[in-house]
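K.L.:
The structure under discussion is supplied below as structure tokens; questions concerning it will follow.
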Amino acid sequence: MTKKPVFALVGAVNHGKSSIAATLVEQGNIGVSADPGMTQVCQKIEHHSSEFVLWDTPGFQDPRTMLAELGSQLSEARKPLAVLQRFSEKYASTNTFEAEREVCKVLQDEPAILYVIDSSKPLRKIHEAEMELLMLTGLPRLAILNPTAFPEHESEWRAKLGQRFGVVAAFNAHQASAHDRIALVRTLATVVDKWRDALSRIADEIENDWAHRVNESAHIIVDLVAKSIGHTRRVRVAPGEDKQPLIDAAKRGFHADLQQNERVLHSKLQSLFLHDKVGLADKVEFTYLNDLFNSETWQVFGLPWWALLSGGVSVGAVVGGTTGAKIGAGGEVAMPSGIPLTVGALAGVLVGGVGGGVGAMYWGKSVAQPAVTEGEKPSTLTAMPQSFLRNTFGYLSQTGTTITIGPIQGKNFAYVLIDRAIGLVTHLAHRTHAVSGVETLHAADIKQELDSRNASADHWPKSLTTCCEIFLEKTRKKIATPADLEAFENKLARHIHKVVEG
Ligand SMILES: Nc1nc2c(ncn2[C@@H]2O[C@H](COP(=O)(O)OP(=O)(O)OP(=O)(O)O)[C@@H](O)[C@H]2O)c(=O)[nH]1
Ligand SMILES: [Mg+2]
């Protein structure tokens, strides 16, 4: 059986070797640091699903002295790796050439060399010695340009690399997309002949895995939406018991259920994109996740982009004036995007036009308000005259009654959930595993990112909105078939594909 492909990341201190490793294999626990000399010993890294091995190394610390000692031996040797082996043995019980010996240990595994270069840094003699040593190993080689800032020295690096490295690839550890990872593996397939087929298969696997993740994200988003828009909570009221405190408590519980559903969805998305395994310090803080019912978040996610342009006043003017929004029979307003907003939502916008904060609050509350029904007869208790309630449900006073909280009345609720989820998917899909540090996501940033990609629900193509509306309508009526779910899932998956690739 042929050995599986093995690669060794070599390059000068602090040029981004560990960062490339982290991004390429999507692992956040590889030591990356701004302090030079972070990697002291070699680390063997296996890709989570593909059959290849990556060695992270400290790189050479003193390649000029090493080259002076070994240069002529290496250039004359039939087996350069044996020369390196003897070199390692010679210094084995000393503290000389520690980093070099670590690299040599890995080179005995006959890897293909990935020579990492930060092309924002100048090329020096030490780097030329490094390149020379790598060339003399006789191992297959690929140079990777990974500028950590503006690549002002790229041309001088390329000039020197050309003589010793057949192929030079660009791969930015902080920005590389799945597409870039796949492209790098395909490039490697052209460099290492003996692993050409294996590497092509690996590239295919990564491509399929990525497509699966996107499809799966659409699946779990649709699942969450179906679950959330139909969600209800019941509370039993004993004869003579005061209902209102029970209703208020049940509403709080109802909102907590929906928040929990969303939290579960978001952690599933994190796992899907392999961002849940990073150490605590690297965790993204999704602060907006805690405020599904926060009025501000609702405003950010529920309003079309044009309504957010310049705050409340113009929102009122735009809705009331130029767009000519119509109130339909169902008390809904058709916005230019075709996404219906409830009258309550519109009122929120309009009130917002007059008095900013109040409008935002009303907006948030109105759209996130669940239906409240008593017994079997649906009624929005809070909106009905007490006399009517007494007459209609009086007979229940002997035995008590059951009150159902939910489902959410605002039709925009589903779109808020979907936008937030796709925003998170977009963020996770573009976050490389080399990027560390706590990052706080704000709802407004997510919305802006989606809008900049024409991806939020108010930018959707009509066919997607129509499909979504059919799915929502049937789900609300509890008549959605698996085929309806699948149809929406497929369309949403195609949309997410475009968004994450854009
Ligand atoms: N902006 C930016 N910074 C990067 C990129 N790649 C690496 N860095 C930063 O460069 C520094 C060094 O990165 P490492 O991956 O630790 O470099 P290394 O070559 O493994 O370093 P040693 O193990 O110390 O030899 C870290 O602060 C990284 O965050 C990149 O693509 N863009
Ligand atoms: Mg390192």
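K.L.:
Percent antiparallel among DSSP beta bridges with both residues in the range 6-176, to the nearest 5?
P.N.:
Antiparallel bridges make up about 20 percent of those DSSP assigns within the range 6-176.
K.L.:
Turning to a different aspect of this structure: Give me L133, L184 sorted ascending by neighbouring Cβ count inside 10 Å, so fewest comes first.
P.N.:
By the 10 Å Cβ count, ascending: L184, L133.
K.L.:
OK, next. List the pairs from K477/K498; K268/K411; K227/K491; K105/K268 whose alpha-carbon separation is above 28 Å, in the order I gave them.
P.N.:
Going by Cα-Cα distance, K477/K498; K105/K268 fall outside the 28 Å limit.
K.L.:
May I ask for the distance between the Cα centers of the range 38-110 and the range 403-427, given as a whole number of Å?
P.N.:
Cα centroid of the range 38-110 versus Cα centroid of the range 403-427: 54 Å apart.
K.L.:
Let me ask something else about it. How many nm is it between the label spots at T65 and Q409, if each spot is 7 Å from the Cα in line with the beta carbon?
P.N.:
Between T65 and Q409, the label points sit 7.9 nm apart.
K.L.:
Rank the residues V103, V53 as a footprinting-exposure proxy: fewest other Cβ atoms within 10 Å of their Cβ go first.
P.N.:
By the 10 Å Cβ count, ascending, the order reads V53, V103.
K.L.:
Convex hull over the alpha-carbon atoms of the range 18-63: what's its volume per residue in Å³?
P.N.:
Hull volume over Cα atoms, normalised by residue count, gives 75 Å³.
K.L.:
Further question on the same structure: Any idea how far apart R494 and V438 come out in nm if each label point goes 7 Å out from Cα toward Cβ?
P.N.:
4.3
K.L.:
Sticking with this structure for a sec: What's the local net charge at V6, with K and R +1, D and E -1, over the other residues with C-beta under 14 Å away?
P.N.:
+1
K.L.:
What list of ³J(HN,Hα) values in whole Hz, one per residue of the range 258-267 in order, does the Karplus curve 6.51 cos²θ - 1.76 cosθ + 1.60 (θ = phi - 60°) give from phi, with Gly and Pro shown as x?
P.N.:
Couplings: 5, 4, 5, 4, 5, 4, 4, 4, 5, 6 Hz.
K.L.:
Right, here's the next one. Going highest first, how would you order 428-434, 176-182 by mean Cβ packing within 10 Å?
P.N.:
Sorting 428-434, 176-182 by mean packing, highest first, produces 428-434, 176-182.
K.L.:
From the C-alpha gyration tensor of the range 6-176, pull out the three semi-axes of the equivalent ellipsoid (sqrt of 5λ each), sorted largest to smallest, in whole Å.
P.N.:
24, 19, 15
K.L.:
Which far-off residues, 5 or more places away or on another chain, put their amide H under 5 Å from the one on G11, with H placed in the peptide plane?
P.N.:
Result for G11 returns G59, F60, V116.
FYI, it's all coordinate maths here, none of it is from the lab. These numbers come from a predicted model, not from an experiment. Positions of Cβ are backbone-derived with ideal geometry, glycine not excepted, and every protein chain shown enters the neighbour counts.
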